[in-house]
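Single-structure report; data block below.
The values are calculated or read from the model by the stated rules, or taken from the named source; none is laboratory data. Not measured: the values here are computed from a predicted model. Cβ placement follows ideal geometry from the backbone for every residue including glycine, while neighbour counts extend to all protein chains displayed. Surface areas here come from the heavy atoms of the whole protein model, side chains and all, with no ligands, DNA or RNA. Shrake-Rupley method; radii C 1.70, N 1.55, O 1.52, S 1.80 Å.
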Amino acid sequence: MNDFAAQRERMVREQIMGRGIEDTAVIRAMRTVPREQFVLEEYRDYAYDDSPLPIPAHQTISQPYVVAYMLEALDLQPRDRVLEIGAGSGYVAALLSHIVAEVHTVERHERLVWYARERLAALGYDNVWVHHGDGSLGWPPAAPYDGIVVAAGGPIVPPTLKQQMKVHGRLVMPVGKRGSQTLVRLVRLSADDYQHLNLGPVKFVPLVGEEGWGKE
Ligand code: SAH
């Protein structure tokens with residue numbers, strides 16, 4: 001076992017399983033994806049730390065536990081098609097690639113679109129599509145989705161995203177102020193009925209877009 005594999009195993013044991021994550025598909029994905037390949041080279045030695053880390057364009061790769069918590073809350077099934085808003089480094093998309101059938105991820109910073117694409121291609125992921133655009137408007141060409149995960153915080157759940165959920169689909173997103181949010185989970189019960197659950201306080205970078213925060 002190389003050093004990174006040992007660190008990854010310890011991260012999964014202590015930060016993920018140790019804090020109550022039980023979804024076996026999520027655990028298996030976190031055991032598999034080399035997070036050190038998604039962080040900036042100068043942060044590789046910290047890849048399995050219990051914290052977010054900087055990536056280009058002043059964005060961050062989220063804390064592993066928060067990622068696992070959000071993915072577990074999505075209640076994912078192997079045949080699902082999932083939309084992620086905020087590809088960032090591509091790490092979460094790589095995890096999703098192991099758990100579900102098809103992954104679409106949207107990123108507004110072109111530099112990160114290429115950063116994520118390069119890493120996902122180098123590792124051979126072939127069921128992930130990284131799109132460039134404003135993810136507060138979702139990704140209509142592949143809608144509707146079984147699961148939608150938003151990796152940036154907005155003032156409300158964008159109505160357009162709610163429309164892109166399948167009936168029985170799930171959405172997880174940080175909602176609140178620019179500096180602090182509540183993690184929200186929606187389940188679409190029918191065409192116009194959504195179950196809403198608050199999962200607790202979180203801190204994410206802002207969702208910047210038409211149905212998010214205005215341009216900085
Ligand atoms: N999931 C990422 C972390 C994402 S950080 C990872 O695994 O590394 C949040 C990302 O959301 C940032 O890259 C930011 O540029 C992006 N973002 C913010 N607003 C967006 C929008 N409206 N559409 C698409 N991406 C957006």
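Give, rounded to the nearest 20 debye, the magnitude of the charge dipole that the chain has about its Cα centre when Lys and Arg contribute +1 at Cβ and Asp and Glu contribute -1 at Cβ. Intermediate results must be reported in sequence, preceding the final value.
Numbers: 23 positive and 27 negative charges, 55 e Å.
Charge dipole, the chain, about its Cα centre: 260 debye, nearest 20.
Can you tell me the mean projection area, over all orientations, of the convex hull of the chain's alpha carbons? Units nm², please.
Projected over every direction and averaged, the Cα hull of the chain covers 10.9 nm².
Run the quick spin-label model on residue 190 and residue 17: label points 7 Å from Cα toward the beta carbon, then report their separation in nm to one decimal.
So the label points at residue 190 and residue 17 sit 4.3 nm apart.
In the chain, which longest range has no trypsin sites (Lys or Arg not before Pro) that are both DSSP loop (not H, G, I, E or B) and surrounded by at most 10 other Cβ atoms within 10 Å?
80-214
May I ask you to derive the relative contact order of the chain, considering only C-alpha pairs under 8 Å and at least 6 residues apart, and to give it as an integer percent?
15 percent
At a 1.4 Å probe, what is the % contribution of carbon and sulfur to the accessible area of the chain? All intermediate terms of the calculation are to be shown ahead of the outcome.
Working: 5010 of 9970 Å².
Roughly 50 percent, rounded to a whole number.
Between the alpha-carbon centers of segment 26-56 and segment 129-170, tell me the distance in whole angstrom.
Cα centroid to Cα centroid, the span is 25 Å.
Over segment 4-202, average the accessible area per residue using a 1.4 Å probe and give it in Å², no decimals.
Spelled out: the 1.4 Å probe surface of segment 4-202, per residue, equals 44 Å².
Summing -39500 (n - 2.57) over the DSSP H runs of n ≥ 4 in the chain and dividing by its residue number, what mean residue ellipticity at 222 nm do you reach, to the nearest 500 deg cm²/dmol?
-7000 deg cm²/dmol
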